[in-house]
Structure formats: C-alpha cells, structure tokens
Amino acid sequence: MKYSTMALSGPLLLLAVLLGICQAKVNFPKDNRVDVEFPPKITYRKDGVISTGHLRPFGYQKKPTSRVREYREPLPPKNFWEDHVRHREPCVYRGAVTDSPAMTNWTDDYLNKEYGDLDVLVELKKEQRGSRNKRMKISKFLSHYGVEDWYVVTVLPDEMRHEIQVPKSLLCGTFKRFIQETNLWISSGGTASVIHYDADHNLHCLLAGKKNFIMIHPKFAKYLEMAEKPNFVGSGYSKLDVDMINMFQYPDVAKVQWTWATLNPGDCLYIPAGYLHQVRSHGRSVSATILFTSLPTFDDSDCSRDVINTYTGLDEVRVLWTYKKGDRVIEMGYMNPEALRDSFLTLLGESHQLNFEKFKYYFMDITKEDEDETNSRDIEYPMAEEAFKMFDHENKGYVTREEIVEMDVEYFKDFARILDLPSGPTADDMHDEL
C-alpha cells in the first residue's frame, strides 16, 4: 500500500523519511544509467565557433574524428597482426566472447556463491594514480559496492578463468605464447579512468553493462600534461582531471584528436600498447581483459582453421602472471618478463657474453640508481649481485646469449619481482577498507 507524505505527520512522517533513506541506500549510486549520451554533444556559440569545453569532462573540448574500426567477429590471428597489431591501430570486435559462460552466469548471487572466498584488489571509482589498492574478498566487495565508491581491478583468479572465452585472434602464434596477464573489472557504474597508456597490448572484453572509450594516438601526448615516469616503465598517464578540464590552464587539450568506441556485453576492444585512452563505465559492469605482447614479426606456424575456430577458455592458455586462492601476493602490473629478456639481448649488442659489470650499470639504470648520488660507478651493489646470480647459475661471471635466449621465463619473473613491489597488500597484511 502506498501513502502520500501529505497525509502523514509527526512520528509517521519521520518513519516514512527514514524508510525512504534506508531504501535509497540499497540502490546503486550516481551514474547507474546505461543510456549516457556518447560521444558527448558539442555545443556551438551563435557565431558558429565550437565551445571550449571549459570545466567540462574530457571529450567536450573537440569533436571526435571517427569511430574506432569495427568487425562483426574477431579477425584470424595473422590478419589481426597485419591489419592492427603491427600498426598499433585499435579495433572493436562485436560479439567476440558471447559464448563465455560468464555472460549469463556472473550475477552477483552466482559470483558470491561460487567465488566469494577469492581475494581481489579494489580501488576508488575515480582512478588516482599513485594510490595503493586494497585487498578484500569478493563477497565483501559484492555486499558493499552498491553504496561504496569501490571498483574491482584485479588479476582474474585462476578459478574463474574457465568461464571466459579467448577471442580467436589470440588462439595461436606469437600472441598465444605471450599472454602476460588477465584482469577482472567489476563496478556499479560511474567509474572514470585517467587518460593513460599501458605497456602491453590489451583486449578489453565486456561481459555486463556498458563502457565508453576515448582513444588517442600517442602523438597527441604532448598536449595532455603527461606525468614523468621512471626508466624502463612501459605505462604512463596524464595529470589532467578528466571530470573537469580547465581550458584556461590547459588550452592545448582542444588540439587532441580522438576516436571513440562503446562496448556492449560480448564486445571486445583492442587497445594497442602505448595507445592513450580514457574509459567510463555506466551501470553495473563486468569486464575481463587479456594483456599480451607481440614480437617484430608474427609466427603463425601453429595456426590452423581448426585451432582458431575451436572454443577455448582462458584456463586452456598459458598466462605468465596469475593468481589463485591462497596466493600471498596478487601479482598484477609487474614488468613484462619477455621484455626483460629482450632488454638483456639488446644490452649484449654484438657481444655474446653479458658480464656482471655491464649488468650492474644496467641494473643501476632500471632501478633509478644515480651515479651523481653515489659519486662513484665503482661502488658495489648487493642487490645487483643478487640479481645477477639468478641468471649466472654456474658463477662464471657472465651469461651467454644462448643462455639468455633459452632460459625459462620464471627467472625473468623473479627478476621482475625484485624490480617492483606488489600492486596491493599481501595476504599477511590484508586491508579491506578504502
């Protein structure tokens, strides 16, 4: 039965108000709409000049040039390499993962029942680079994310990988051999990333909700107030506030050309390594992303029609950085171990042996050691010695080119762990409050 507040007074009116407040708290917060207009409508002054977009969200300062190129289904791996990855050109695959069980299974009730005891990394909806992620159980997140400013951005747990389809573009060749990491994203809507680029290629596949992407060629980075980044770090981001661009302070933003894409459930967007992008989600959204690397050439010797046309789950491919229940660390965002191998080979040049002295200077650069701070390049570096011993198994004082090429990738993963800290708390110091 419904009552008009006009007919209530005193205690009954107070009770009605309190009930209304309590009821409101179970609803998803701001921007749970899925019909947000995108790309944004650009307004003009009476004289026909485009408005500046001052104090408006990023994207209101200039009209997009076009939509990202779309395909009705994923390209075969060789074509994907030749037409897009090789040239670092984004594209959208419509309906690429619609056969994934997650598409129908992953309701909140199902996720809580089947995977509630798994740990995930959680951050604030409006991305803040430099802030440290928190770690909590999926059940904890699901019970609060409708009213809290929480957003899951984590390594996809191994236990969940079988419910995600691998788009056929990655099912053979160099791509399949170098899948770095798979990620899980869950929010109640209203998320906003910074303008950024990543070190690895990425297929971002939407399982529920709606996401809008602004895609920007790297040549426009000079207009976007990019933050300084350490040597050997492959990702970067802009310091601009994407919700409110100050055009008096940053007038060059109006020079940035961009394309756009909207993902609906089942769609995937290819985001090239180094390609700038900004992302917003609307309504409850769930995504899975696959990060991979490519080599200067594409080896398709293991590709066949049967391979690429067979349904394959993420649990059936090798992923270099993973998380499973009970792991102390959720290993997310570490350096690409194959890229580290390549940096060793580049360091060799024409030489066939990498000795400790050359490795030490390389280690100083990659860990930001500064010779001006030490006043000597002859000082000993215990960490460098420890790291070198990981590769020089026989204590020869050098590592050969052949050894570097054939060495198991786990050695380079151990090296990456020395170079960087975990993305969030370990299981020992788990924190679940943001």
Looking at the structure I just gave you, is Asp200 among the acidic types (Asp, Glu) and under 17 Å from the mean Cα position of the chain (by Cα)? yes
Does the stretch 357-370 contain at least one residue that is β-branched (Val, Ile, Thr), within 28 Å of the chain's Cα centre (by Cα), under 17 Å from Gly234 (Cβ atoms) and at pLDDT 90 or above? no
Just wondering, is there one or more residues in the stretch 172-184 that are of a type in the set (Ser, Thr, Tyr) and assigned to a loop (DSSP other than H, G, I, E, B)? no
Subset of the stretch 80-107 [touching a residue at least 12 places away in the same chain (Cβ under 8 Å) and surrounded by fewer than 17 Cβ atoms within 10 Å (Cβ to Cβ)]: Glu82, Arg86, Arg88, Glu89, Arg94, Gly95, Thr98, Asp99, Pro101, Asn105
What's the total number of residues in the stretch 387-405 that are β-branched (Val, Ile, Thr) and part of a helix (DSSP H, G or I)? 2
Write out, first by first residue and then by second, each pair whose Cβ atoms fall under 8 Å of each other, whose residues are 6+ apart or on separate chains, and whose first residue, in the stretch 128-143, is at pLDDT below 70 while the second is not in a loop (DSSP other than H, G, I, E, B). Arg129/His196; Arg129/Tyr237; Ser131/Glu123; Ser131/Leu124
Tell me, please, whether a residue that is part of a loop (DSSP other than H, G, I, E, B), hydrophobic (A, V, I, L, M, F, W, C) and in the same structural domain as His162 (by TED's automatic domain parsing) can be found in the stretch 56-67. no
Does at least one position in the stretch 412-433 carry a residue that is modelled with pLDDT of 80 or more, part of a loop (DSSP other than H, G, I, E, B), of a type in the set (D, E, K, R) and under 30 Å from Lys140 (Cα atoms)? yes
Of (1) surrounded by 22 or more Cβ atoms within 10 Å (Cβ to Cβ); (2) under 29 Å from Pro337 (Cα atoms); (3) β-branched (Val, Ile, Thr), Thr191 satisfies all except one. Which? (2)
Do the conditions hold for Glu159, that is, is it crowded, with 21+ Cβ neighbours inside 10 Å, acidic (Asp, Glu) and assigned by TED's automatic domain parsing to the domain that holds Ser287? no
Test: Gly146 is in contact with a Phe, Trp or Tyr (Cβ under 7 Å, 6 or more places away or on another chain) and assigned by TED's automatic domain parsing to the domain that holds Ile186: yes
Which of the residues spanning the stretch 49-79 are surrounded by fewer than 17 Cβ atoms within 10 Å (Cβ to Cβ) and among the hydrophobic types (A, V, I, L, M, F, W, C)? Val49, Ile50, Leu55
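Assigned by TED's automatic domain parsing to the domain that holds Pro218, of a type in the set (Ser, Thr, Tyr), surrounded by 15 or more Cβ atoms within 10 Å (Cβ to Cβ) and in contact with a Pro (Cβ under 7 Å, 6 or more places away or on another chain): is that true of Ser169 in this structure?
Details: assigned by TED's automatic domain parsing to the domain that holds Pro218: yes; of a type in the set (Ser, Thr, Tyr): yes; surrounded by 15 or more Cβ atoms within 10 Å (Cβ to Cβ): yes; in contact with a Pro (Cβ under 7 Å, 6 or more places away or on another chain): yes.
It is true that Ser169 is assigned by TED's automatic domain parsing to the domain that holds Pro218, of a type in the set (Ser, Thr, Tyr), surrounded by 15 or more Cβ atoms within 10 Å (Cβ to Cβ) and in contact with a Pro (Cβ under 7 Å, 6 or more places away or on another chain).
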Do you know which of the residues in the stretch 114-156 that are hydroxyl-bearing (Ser, Thr, Tyr) and surrounded by fewer than 18 Cβ atoms within 10 Å (Cβ to Cβ) is farthest from the chain's Cα centre (by Cα)? Ser143
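The values are calculated or read from the model by the stated rules, or taken from the named source; none is laboratory data. Predicted, not measured: the structure shown is a model, and the values here were computed from it. Counting neighbours? That spans all protein chains shown, and the Cβs are built from the backbone with ideal geometry, glycine included.
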